[in-house]
Amino acid sequence: MSQGRGSAIVGAATVVCLLLVLHLEVAQAATYTVGGASGWTFNVVGWPNGKSFRAGDILVFNYNSSIHNVVALSKAGYDSCKTPSGAKVYQTGKDQIKLVKGQNSFICNFPGHCESGMKITITAA
């Protein structure tokens, strides 16, 4: 009978260890407010400079949704300031976007905003 209890203890210990590992994975994700205290606005192109981003990190875009939005798009869309069909458009004013590994590009597609520097590209490791 003690053999059954020992197996249950080992099983419970394994579950606890797995939960701790999963918690550490989540705890390592960082949250960044795009543009700092100014939020998502003009001339944020240089905001990512000097920061190290990882896949799973969260970008928080704070902005006035009546005059701005956030569009997640490809590097080509970023470079041309054109929103391709199918691009994800965020418009809550308090968007939280999880970074994927590789390039993550964002613009505001209100007329003239992207061209005036309301865009960022972030490479996440």
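The values are calculated or read from the model by the stated rules, or taken from the named source; none is laboratory data. Everything numeric in this text was worked out from a predicted model, so none of it was measured. Heads up, the Cβs are rebuilt from the backbone with ideal geometry, glycines too, and the neighbour counts pull from every protein chain shown.
Run Asn69 past the list (1) at pLDDT 95 or above; (2) exposed (fewer than 12 other Cβ atoms within 10 Å of the Cβ); (3) more than 14 Å from the chain's Cα centre (by Cα) and report the number of the one that doesn't hold.
Status for Asn69: all satisfied but (2).
Please find, within segment 45-66, the residue that is nearest to the chain's Cα centre (by Cα) out of those that are assigned to a loop (DSSP other than H, G, I, E, B) and crowded, with 20+ Cβ neighbours inside 10 Å. Full working, then the answer.
As a first pass, look at segment 45-66 and keep what is assigned to a loop (DSSP other than H, G, I, E, B): 45-52, 54-57, 63-66.
Among the residues that remain, those that are also crowded, with 20+ Cβ neighbours inside 10 Å are: 57, 63.
Details: Asp57: 5, Tyr63: 16 Å.
Per the criteria, the residue is Asp57.
Can you pull out every residue in segment 78-125 that is in a loop (DSSP other than H, G, I, E, B) and closer than 19 Å to Ala55 by Cβ?
Here is the first cut: in segment 78-125, the ones in a loop (DSSP other than H, G, I, E, B) are 81-87, 91-93, 99-101, 108-113, 117-118, 125.
Within segment 78-125, Leu99, Val100, Lys101, Ala125 qualify.
Somewhere in segment 24-33, is a residue assigned to a loop (DSSP other than H, G, I, E, B) and at pLDDT 95 or above?
If we filter segment 24-33 for residues that are assigned to a loop (DSSP other than H, G, I, E, B), which is where we start, we get 28-30.
Going one step further and asking which of them are at pLDDT 95 or above, we end up with 30.
Yes: segment 24-33 contains one or more residues that are assigned to a loop (DSSP other than H, G, I, E, B) and at pLDDT 95 or above.
Can you name the residue in segment 29-44 that is more than 14 Å from the chain's Cα centre (by Cα) and of a type outside the set (Val, Ile, Thr) and is also surrounded by the most Cβ atoms within 10 Å (Cβ to Cβ) among such residues?
Pass one, segment 29-44, residues more than 14 Å from the chain's Cα centre (by Cα): 36-39, 41-44.
From what is left, the residues that are of a type outside the set (Val, Ile, Thr) are 36-39, 42-43.
Working: Gly36: 10, Ala37: 6, Ser38: 14, Gly39: 17, Phe42: 15, Asn43: 11.
Looking at residues that are more than 14 Å from the chain's Cα centre (by Cα) and of a type outside the set (Val, Ile, Thr), I get Gly39.
Pull out all pairs, ordered by first then second residue, where Cβ-Cβ is under 6 Å, the residues are six or more apart or on different chains, the first lies in segment 85-112 and is under 22 Å from Ala37 (Cα atoms), and the second is at pLDDT below 95 and of a type outside the set (Val, Ile, Thr).
Matching pairs, first to second residue: Ser105/Lys75.
Out of (1) in contact with a Leu (Cβ under 9 Å, 6 or more places away or on another chain); (2) exposed (fewer than 12 other Cβ atoms within 10 Å of the Cβ), the odd one out for Leu99 is which?
Unmet condition: (2).
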